[in-house]
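The values are calculated or read from the model by the stated rules, or taken from the named source; none is laboratory data. The model shown is predicted, which means the values in this text are computed figures rather than measured ones. So basically every Cβ, Gly included, is an ideal-geometry build from the backbone, and we count neighbours across all protein chains shown.
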């Protein structure tokens, strides 16, 4: 299962030379996020690796720090750079496509 992570913990993780992360930016207050969460949890089952989830308060620092326009957003990072993202209506095939970016 994904680990809950803070913005500063994520920054430390992805800024390392070998830093890799797949992150779901979501909000417990967000209806679309609540609809997507079972898909995310199902997809994460059995994943070995850097899979995280970050609670994002509406208008919070996470939105600016990570250039989030809407949630849910899933983004993939490696060595301090974003490799890809999906947002809005995210499918398991979208998640698989992002996962392949770090394999």
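Answer with yes or no whether residue 8 is loosely packed, with under 12 Cβ neighbours inside 10 Å, closer than 19 Å to residue 103 by Cα and out of contact with any strand residue (DSSP E or B) (no Cβ under 7 Å at 6 or more places or on another chain).
So residue 8 fails the test.
Across the stretch 88-98, what is the total count of residues that are modelled with pLDDT under 95 and under 19 Å from residue 66 (Cβ atoms)?
1
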